[in-house]
Amino acid sequence: MHWIWWILILFWTGGFAWAADTARTALRNRHERKLELMEAAKQERLALEAAHRSPEPVCGCTHHLAKHDRRGRCHEQVEVPTAWDENKKPLRYEAGQCNCQQYVGPQPLSQVYAEELTDRWPTDPPAEEKGPPTT
Ligand SMILES: [Zn+2]
Ligand SMILES: [Zn+2]
């Protein structure tokens with residue numbers, strides 16, 4: 001074989017190795033960049049979720065709103081102190097009902113009016129106004 005072939009082969013293999021190396025590095029960099037982007041997107045989503053999450057529907061009595069009936073009375077069982085020592089620290093408790101009346105101030109419109117809409121909507125379309133008879 002001519003010696004020039006050996007040089008060419010040397011170049012090819014060397015060139016291949018270099019090209020492969022470059023490609024690998026580029027791929028790795030892109031992969032890292034992608035990971036960074038994904039991480040950033042995740043953080044953003046978490047922040048958004050935290051911002052949009054509605055507050056827990058918990059009453060001022062610390063019990064969940066689901067424990068309250070329609071008139072706002074809380075049905076959660078609580079411990080009611082029945083005896084105190086001289087430092088006004090409760091000594092004995094007995095089971096009782098939370099006497100919370102829930103929040104009675106203004107409520108958001110959706111809650112105030114939502115119940116009134118059922119079955120009260122006029123079912124018949126308004127009668128068409130009759131004009132003067134045409135002759
Ligand atoms: Zn309550
Ligand atoms: Zn309560």
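The values are calculated or read from the model by the stated rules, or taken from the named source; none is laboratory data. Since the model is a prediction, treat every value here as computed from it, not as a measurement. For neighbour counting, all protein chains shown are included, and Cβ atoms are generated from backbone atoms with ideal geometry for every residue, glycine included.
Could you grab me the full set of residues in region 80-102 that are surrounded by 14 or more Cβ atoms within 10 Å (Cβ to Cβ) and aromatic (Phe, Trp, Tyr)? Passing the criteria: none in range.
In region 81-97, the residues that are within 21 Å of residue 61 (Cβ to Cβ) reach residues that are assigned to a loop (DSSP other than H, G, I, E, B) and modelled with pLDDT of 90 or more with C-beta atoms within less than 7 angstrom, at least six apart or across chains, in these pairs: 97/75.
Residue pairs whose Cβ atoms lie under 8 Å apart, separated by 6 or more positions or on different chains, with the first residue in region 50-76 and free of Cβ contacts under 8 Å to residues at least 60 places away in the same chain and on the phi < 0 side of the Ramachandran plot and the second within 11 Å of ligand 2 (Cβ to nearest atom) and of a type in the set (Val, Ile, Thr), are 64/58; 65/58.
In the set (1) loosely packed, with under 10 Cβ neighbours inside 10 Å; (2) of a type outside the set (Val, Ile, Thr); (3) more than 16 Å from ligand 1 (Cβ to nearest atom), the condition left unmet by residue 57 is number (3). Criterion applied to 77, 43 was being surrounded by 11 or more Cβ atoms within 10 Å (Cβ to Cβ), at pLDDT 90 or above and more than 9 Å from ligand 2 (Cβ to nearest atom), and the one residue passing it is 77.
A residue that is over 36 Å from the mean Cα position of the chain (by Cα), loosely packed, with under 10 Cβ neighbours inside 10 Å and β-branched (Val, Ile, Thr) occurs nowhere in region 15-35.
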